[in-house]
Number of protein chains: 4
Amino acid sequence: MAQQQSRPIRAGILGATGTVGQRFIVLLSQNPCFEIHTLGASERSSGKKYSEASNWKISDALPLDIAQLEVKSCHPEHFGGCDVIFSGLDASVAGDIEKSFFESGFPVFSNAKNYRMVPNVPLIVPTVNTEHMAVVAEQQKSLTKTKGFIVTNSNCSVSGVAVVLKAIQSRFGKIDSVLLTTMQAISGAGYPGVASLDIMDNVVPYISGEEEKIEIELLKILGSTNQENTGFDTQPDLKVSASCNRVPVIDGHTASVSIKFAQNPPSLEEIKSCLREYECEAQKLGCHSAPKVAIHVTELPDRPQPRLDRMNDNGMAATVGRIRVCPVFDVKFTVLVHNTVLGAAGASILNAEAAFKKGLFQL
Amino acid sequence: MAQQQSRPIRAGILGATGTVGQRFIVLLSQNPCFEIHTLGASERSSGKKYSEASNWKISDALPLDIAQLEVKSCHPEHFGGCDVIFSGLDASVAGDIEKSFFESGFPVFSNAKNYRMVPNVPLIVPTVNTEHMAVVAEQQKSLTKTKGFIVTNSNCSVSGVAVVLKAIQSRFGKIDSVLLTTMQAISGAGYPGVASLDIMDNVVPYISGEEEKIEIELLKILGSTNQENTGFDTQPDLKVSASCNRVPVIDGHTASVSIKFAQNPPSLEEIKSCLREYECEAQKLGCHSAPKVAIHVTELPDRPQPRLDRMNDNGMAATVGRIRVCPVFDVKFTVLVHNTVLGAAGASILNAEAAFKKGLFQL
Amino acid sequence: MAQQQSRPIRAGILGATGTVGQRFIVLLSQNPCFEIHTLGASERSSGKKYSEASNWKISDALPLDIAQLEVKSCHPEHFGGCDVIFSGLDASVAGDIEKSFFESGFPVFSNAKNYRMVPNVPLIVPTVNTEHMAVVAEQQKSLTKTKGFIVTNSNCSVSGVAVVLKAIQSRFGKIDSVLLTTMQAISGAGYPGVASLDIMDNVVPYISGEEEKIEIELLKILGSTNQENTGFDTQPDLKVSASCNRVPVIDGHTASVSIKFAQNPPSLEEIKSCLREYECEAQKLGCHSAPKVAIHVTELPDRPQPRLDRMNDNGMAATVGRIRVCPVFDVKFTVLVHNTVLGAAGASILNAEAAFKKGLFQL
Amino acid sequence: MAQQQSRPIRAGILGATGTVGQRFIVLLSQNPCFEIHTLGASERSSGKKYSEASNWKISDALPLDIAQLEVKSCHPEHFGGCDVIFSGLDASVAGDIEKSFFESGFPVFSNAKNYRMVPNVPLIVPTVNTEHMAVVAEQQKSLTKTKGFIVTNSNCSVSGVAVVLKAIQSRFGKIDSVLLTTMQAISGAGYPGVASLDIMDNVVPYISGEEEKIEIELLKILGSTNQENTGFDTQPDLKVSASCNRVPVIDGHTASVSIKFAQNPPSLEEIKSCLREYECEAQKLGCHSAPKVAIHVTELPDRPQPRLDRMNDNGMAATVGRIRVCPVFDVKFTVLVHNTVLGAAGASILNAEAAFKKGLFQL
């Protein structure tokens, strides 16, 4: 039975002036389950009003009350009133800072890569594997302030394909091989990120570290907790090969994916039904940010397209189209995900909602 | 021993006002082997000066003498002075018109898809399989005017991957499977072609008929002439799966490609050497338009990129980068080709140069 | 005293499958004052379900109930249940069709240019001159079915500058000269509209008829009704020069504007205050779609920008920035307007809301 | 009588790894009048091979011999063999470094802004006012090594409008007022320069310092040397107002310009003839890089366009179109210039060619 809220969850945001931090602000300020309580950024920004410390780059207007908030440095003592911490920190600083919040007893929902592959840290796409949160108890064994834990969400390009593979494997059994080519949006690189001279009238066939992240993170996300809930068993025998490209798109990562089943493949119609009917734990828990439909399946011949489909279900759904036979593997399709919503800040938020519903922290 | 030229080859261009036709004009007017003799277009344009009939969309300036030429309708009687015919016609009209020129005794080098898969018509990427021209004699058996023949060039997205696969198979033996995802330029769709509202800040994961063309044409291009040179044996046992996407790039088709060898794969270094050393018949014949290096291999981590690499060797080379191990197949890499040069008009022109060198027509 | 609504206004949409028609559907379906009742399009579409007749190109999802509606041909007999008609018709057919609805007694709110300059037809930017609706009584004198009338809204590029000039002249007296250069979005040209090959990495310094429309329409919008309310007195002695450019922007027309006052100019601070305080009749009437703030004034040095500011007040506000001294004229500034909202469909809708509040039609 | 060359001019390039420096390399390596002798960059780059020190971002291939050159730090002692110095240095360091080369006796052709407005330093658009070089003798009075001098070229957005105004004023007398709005390419901001998130689907109506530069530099360029050739008289009574915008274009600055004559204006046809017939000193001197036609006049209704016209005369010509009556001033038109060729590196090179022809330095 899901835990009920008596009041909004008070949220602190680390890295609040950056790209992910700005997205956290937009999403949390529109979410009745949360109240933005404290904004943290680098020493350079601390003490300034948020509107002066940040260079707002999102088309949704900066809420006026947030604009007036004083930015704090990222030390736990400034975040005393917060129930949860969202981290949009850069990997170069996320390690130490997130650890200090964890040790100070905060539930930390992190978008950074630093702890994703740590054995007792869940790596969660919220429409895939919130069940993995069972492992946070293991993290807390070592702590004095027993409430603290860290939950990470995945690399932005993993989330879309992860939810599709999860849905398919849940019904049809193991997939043997996945070959995917991504066409990723510029917002995935943060701000200033990709120079315009590098991407206008261009494709850049390389994103540092991205292919490795997909190939590794996917196995953990699609794996399961071990029997004692002290760690994770990655999915064995799943071969993944990713080729990552940057394209001139603002938001929305698209991937062309081919998959081969370990056993006899289902029919295309069976796959479509399976995807349409897929329901994740976050939906069953009634989480506010959970998409109504976790996987949108389109039959239009030229969809999904990032500009038209990235905001499906407020950016929390994956959209799949062009499901067809693959002449080399079994099935191929195109999947799209909003990289800064389900692929980043939105995932952290839905993870936090699910963690609360599951009773991992109280108000 | 290659035939020598006594004077420029006089060229007629069918579909001269279209996108491919304009590219023919630019390339031929810069090529000392040719002289543009007659321009053909639809009845609507015939009788007009070329500068009035066409809507020039290429950054290279329209040569002044060409601007003044009177456009003819596409009937063989208007092309009497021409040695060869280049066709940039749309598939909807190319069938009948090209046939009429063929039957009137003209060598026709066609960029249209209509005759590509006809059993006795060569389908040629000029840096891959000019040897297939041996079959034109078979075409001429049925003709009164025995000089006529048709040579086609491939779909624009096939040419880049074809030359790479050809080079690899020539040295290392059969490839078993090819999985490729293309990111294709808007110029591939002609003019007006892709609406700006469809492609700005967007990817369109579908190009009508394109995946089928790649999957079929590749087998013919990589195949061989049969023993009697009356037709072609497609490459057997090669499985190809293509996923085609349109991206906001003006010129240059990029593809992420994974390949699996039938036998033990060579090392990455062996593949790089093989590609660097690859030399095609058109190069050996000394054709003017042949690239100095048919396959440019780059070691830079983020290349090839369409904006920076599409004009390598004047657009007649394929550029390959990111050659690396594929965790699912054996090897993966990125290949780039200029879709309106090696992928279209440039291919027809180099095919014509090779055909002349081989003595298939005289001046 | 504004007329109150007893039920939603039933709306018919002409040209429902086009770009403006699609925007009408999005805006009306989110507007509680209206109910979409009938969709009209060309004979070719009539009888089909809307989802089959249209090629939906807007990122907001097509409402499911609208998708199921049967499209009608644009004849008044099919629109019996409608209280008002919105026309997104192309100018080539708008003339006759809109007239037939007018003569059949329908209030027609048209986005087409056909009747804009007709002496007894109001040309209205809803945040500028809804007072001009007083003239519709003159239209009705000639009618049997006395309820019909036509109200037009302006060219998309006029609306932004019109509201700014209106605000300034209301407080500071006549402007003598206006010189403006527009940078207009591709959506202003409809679909398929601008070819991607024409606009990627490019500026097109010409939009057919656009400069003339700005130079003429502005004088009517900023003018007044004549004493008898039978027509309009255009603003005399206002000189306007427009240079119109198409730029690679999806939505949002930006203009660099310089103005010279007839008398001594106000200070920059006076102008900013004036713009911030400006309130139009539609706001005073309490119209649902009226912007909270008709003119957003930004002090940020590099704003307004179309991607970040076009949706201010749901696209119904103009945003002005960079208000500074002009070394040649008196003052210069940048103004931005969402061309398909305040500049097109949104204007028609707010005009209809104002007309109802003012009692020009009943339910 | 123009000085003749006995051998190529040996060129040193300061700031060789930057955007302007890369353009210098491309242009000089294709120019038979010059030989690239020494490449200078920051201490960080010095000692490295150029190919390792630079991040090549131009589609023209980096010449192989240049790729192998060892980069030097920007001290005059490393440039002993050079006849001239081209500076593509950033303004933050250009002041001291250029001065040290000047004092060491080098002719310095600088693209930086530091010395543009210094009284005895010529500010030259090479197709406008190479006559201003007469003032360099004044610079040399203070020097021991009397050969040194500094010639600067203008801000990239000034050059196009300067050549048009020069041509018009030379024939028709003084212009009273100029109002112009620019739409500038991203390459004008260097690399990394404009972030892609700032410019995709966007216009930025602000470029720091740019409007002031246009308003001030234009008066010096269109002015004349004083009677004693010790400095410059700026053009009096010319009022200039510029509004500068950044647009998603890679190369080529477009401007919409309105002008008012001090006296009766000429006819449009007279202006067109005047522009077509305009010939500058660099052309008369027979300089290699001088455009054949300094001002291209187009009658096509929708030109000039950056993508199609920026390379006219190898990027050294300005292209003017849409010459028409201005309802507020006298005449309006659109002018386009390649910002990194005539607007930057190309200008420095043509200035150096003219300086040599005029005998300002010897080999």
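Note on the protein assembly as shown: the alpha carbon radius of gyration divided by the globular reference 2.2 N^0.38 Å gives 0.96.
Note on residue C:59 and residue D:176: their simple-model spin labels are 4.8 nm apart, each label 7 Å out from Cα toward Cβ. Within segment D:118-184, the proportion of Cα pairs with more than 19 Å between them is 47 percent. Rg and Dmax over the alpha-carbon atoms of segment D:156-337 stand at 16.4, 52 Å.
Which of A:276, B:10, C:44 comes first, and how do the rest follow, when ranked by fewest Cβ neighbours within 10 Å?
Working: A:276 14, B:10 17, C:44 11.
Going from least to most buried by this count: C:44, A:276, B:10.
In order along segment A:192-206, the phi-based Karplus estimate (6.51 cos²θ - 1.76 cosθ + 1.60, θ = phi - 60°) of 3J(HN,Hα) comes to x, x, 6, 5, 4, 5, 7, 10, 5, 6, 7, 10, 10, x, 7 Hz; Gly and Pro are listed as x. Between amide H atoms placed 1.01 Å from N, distances below 5 Å from residue D:239 occur with D:177, D:178, all of them 5 or more places distant or on a separate chain. In plain terms, if you count all Cα to Cα distances in chain A and split them into 20 Å steps from zero, the share in each step is 31, 59, 10, 0 percent.
How much FRET efficiency would the formula 1/(1 + (r/R0)^6) give for residue C:30 and residue C:70, where r is the Cβ-Cβ distance and R0 is 30 Å, rounded to 0.05? Using R0 = 30 Å, I get an efficiency of 0.85.
Could you state the number of Å between the C-alpha centres of segment B:256-294 and segment C:60-99? A separation of 59 Å, based on Cα centres.
If you take the beta carbon distance between residue C:77 and residue C:118 as r and set R0 to 35 Å, what does 1/(1 + (r/R0)^6) give as a FRET efficiency, to the nearest 0.05? E between residue C:77 and residue C:118, to the nearest 0.05, is 0.90.
For segment A:70-184, which semi-axes, largest first and in whole Å, follow from the square roots of 5 times the eigenvalues of its Cα gyration tensor?
Each semi-axis is the square root of five times an eigenvalue, giving 30, 17, 11 Å.
Spacing of the modelled spin labels on residue B:6 and residue C:3, each 7 Å from Cα toward Cβ, amounts to 8.9 nm.
Contact order normalised by length for segment D:94-247, with contacts defined as Cα pairs under 8 Å and 6 or more residues apart; what percent is it?
Values: 252 pairs, mean separation 42.4, N = 154.
So the answer I get is 28 percent.
A protection proxy built from the mean count of other Cβ atoms within 10 Å ranks the segments D:160-171, B:277-288, most packed first, as D:160-171, B:277-288. Taking θ as phi - 60° and the Karplus parameters 6.51, -1.76 and 1.60, the scalar couplings of segment A:126-140 work out to x, 9, 10, 9, 4, 4, 5, 5, 4, 7, 4, 4, 4, 4, 6 Hz in sequence order, x denoting glycine and proline.
What percent does the relative contact order of chain D come to when contacts are Cα pairs within less than 8 Å and at least six residues apart?
Working: 836 pairs, mean separation 67.3, N = 363.
RCO, chain D: 19 percent.
Averaged over its residues, how many other protein chain Cβ atoms are within 10 Å of peptide A:169-180's Cβ atoms? Could the numbers behind the result be given before it?
Numbers: counts 0, 0, 0, 0, 0, 0, 0, 1, 4, 2, 13, 5.
Per residue, the average neighbour count from other chains is 2.
Counting only other chains, and only Cβ atoms inside 10 Å, what mean value do you get across the residues of C:310-321?
Mean number of neighbouring Cβ atoms from other chains: 1.
Under 1.5 on a/c is rounded, so check that first for segment A:279-363, then, if it is not, pick prolate when a/b is larger than b/c and oblate when it is not; a ≥ b ≥ c are the square roots of the alpha carbon gyration tensor eigenvalues.
Details: a/c = 2.84, a/b = 2.13, b/c = 1.33.
Taking the square roots of the gyration eigenvalues as a ≥ b ≥ c, segment A:279-363 is prolate.
May I ask what percent, to the nearest 5, of DSSP beta bridges between residues of segment A:156-337 are antiparallel? Don't jump to the answer; show the numbers that get you there.
Values: 23 of 34 bridges.
Here the antiparallel bridges make up roughly 70 percent for segment A:156-337.
Of the residues B:351, B:55, B:339, the one that moves most in a GNM of chain B with alpha-carbon contacts below 10 Å is B:55. Each peptide in C:117-128, D:24-35 gets a packing score, the mean of other Cβ atoms within 10 Å over its residues, and the list from highest to lowest is C:117-128, D:24-35.
Nearest 20 debye, what's the magnitude of the dipole of chain A about its Cα centre given +1 on Lys and Arg Cβ and -1 on Asp and Glu Cβ? Let's see the in-between values first.
On the way: 34 positive and 37 negative charges, 64 e Å.
Here chain A has a charge dipole of around 300 debye.
With the cut-off at under 19 Å, measuring from each backbone N in segment C:277-307 to a point 7 Å along the Cα-to-Cβ line of residue A:52 picks out C:299-302.
Distant-in-sequence amide contacts of residue A:326, defined by a placed amide H-H separation under 5 Å and a gap of 5 or more residues or a different chain, comprise A:331, A:332. Model label sites at residue B:42 and residue A:146, defined 7 Å from Cα along the beta-carbon direction, differ in position by 8.0 nm.
Once each part is reduced to its C-alpha centroid, what is the distance from segment B:322-363 to segment D:204-244 in angstrom? Segment B:322-363 and segment D:204-244 have Cα centres spaced 52 Å from each other.
Note on chain C: GNM, Cα springs under 10 Å; of C:16, C:317, C:61, the largest mean-square fluctuation is that of C:61. Applying the Karplus relation 6.51 cos²θ - 1.76 cosθ + 1.60 with θ = phi - 60° to segment B:94-109 yields 3J(HN,Hα) values of 4, x, 5, 5, 4, 4, 5, 6, 4, 5, 7, x, 8, x, 10, 10 Hz, where x marks Gly and Pro.
Run the numbers on segment A:58-108 and let me know its relative contact order in percent, using alpha-carbon pairs under 8 Å that are six or more apart. Provide the component values of the computation, followed by the final result.
Values: 25 pairs, mean separation 18.7, N = 51.
Reported as a whole number, the value is 37 percent.
Dividing the summed -39500 (n - 2.57) terms of all DSSP H runs of n ≥ 4 by the residue count of chain D sets its mean residue ellipticity at 222 nm at -7500 deg cm²/dmol.
No lab work stands behind these numbers, since they all come straight from the coordinates. Remember, it's a predicted structure, so these values are computed and weren't measured experimentally. Here Cβ is always computed from backbone atoms with ideal geometry, including for glycine, and neighbour counts include all displayed protein chains.
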